[in-house]
1. If I stretch the segment between ALA151 and GLN79 completely, what's the gain in nm (0.36 nm per residue apart, minus their alpha carbon distance), one decimal?
2. Over region 26-79, consider all pairs of different Cα atoms and compute the Kirkwood hydrodynamic radius from their mean reciprocal separation; express it in Å, one decimal.
3. Can you give the direction-averaged projected area of the convex hull of the alpha-carbon atoms in region 1-41, in nm²?
4. Which whole-number percent gives the relative contact order of the chain, counting Cα pairs below 8 Å spaced six or more residues apart?
5. Mind pulling the per residue volume of the convex hull built on the Cα atoms of region 62-119? Å³ is fine.
6. Karplus couplings for region 73-84 from phi (6.51 cos²θ - 1.76 cosθ + 1.60, θ = phi - 60°), rounded to Hz, Gly and Pro as x?
7. Sorted from largest down, what three extents in whole angstroms do the Cα atoms of region 12-108 have along their principal axes?
8. So what is the diffusion coefficient of region 23-171 in µm² per second by Stokes-Einstein at 25 °C and 0.890 mPa s, using a Kirkwood Rh over Cα pairs?
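The values are calculated or read from the model by the stated rules, or taken from the named source; none is laboratory data. All of these numbers come straight from a predicted model, not from anything done at the bench. SASA here: full protein model, heavy atoms, side chains in, ligands and nucleic acids out. Shrake-Rupley method; radii C 1.70, N 1.55, O 1.52, S 1.80 Å.
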Amino acid sequence: MTPKNTICIWYDGGALEAAKFYAETFPDSAVGAVHYAPGDYPMGKQGNVLTVEFTVMGIPCLGLNGGPMFKHTEAFSFQVATDDQAETDRLWSAVVGNGGQASQCGWCKDQWGLSWQITPRALMAAIADPDRAAAKRSFEAMMQMGKIDIATIEAARRGGPGDSGLYTGNL
């Protein structure tokens, strides 16, 4: 049965490859039905992959091979809450290392231009800390990062040794 609400993601080709990558990379993700064009259309031919049903971390999606006229922007992103540095590193490396692009504050783009926020739960807890000075230190540390380094965030939150206000990890 088709879900009542599905996120439709426009691709300039590559919807099937993207869906396979997401299924291999993210937990609770899978490729579903692949639908082929029953006739020619402006950006493709009969028999081309037109749409792909897939899930990303339990979220139903539909990849549409619509052509080059619409590009992905950071206005839409998947935010992935990670439990530790190993998971953060693995997911960041998978997205960036497979033709993607690193950005800042835990953001990156996959090779199809779709934005991802690889966000450790520790970061979210730190910037929501009721101690507003600790939250500010954590936020300022995050603002200097590409991939989030949990140890640096936790040090900034504590305001302890090594909190120079400058992030020296990987961008």
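1. Numbers: separation 72, 0.36 × 72 = 25.92 nm, distance 2.03 nm.
Stretched fully, the ALA151-GLN79 segment lengthens by 23.9 nm.
2. On the way: mean 1/r = 0.0791 Å⁻¹.
Result for region 26-79, one decimal place: 12.6 Å.
3. Details: hull surface 16.0 nm².
Computing the convex hull of the Cα atoms and averaging its projections yields 4.0 nm².
4. On the way: 338 pairs, mean separation 29.0, N = 171.
About 17 percent, as a whole number.
5. Details: hull volume 5.3 nm³, N = 58.
Taking the convex hull of the Cα positions in region 62-119, it is 91 Å³ per residue.
6. Ordered by residue, 3J(HN,Hα) equals 9, 5, 5, 10, 8, 8, 9, 10, 7, 9, 8, 7 Hz.
7. Result, largest extent first: 47, 25, 21 Å.
8. Values: Rh = 17.2 Å.
Stokes-Einstein gives a translational diffusion coefficient of 143 µm²/s.
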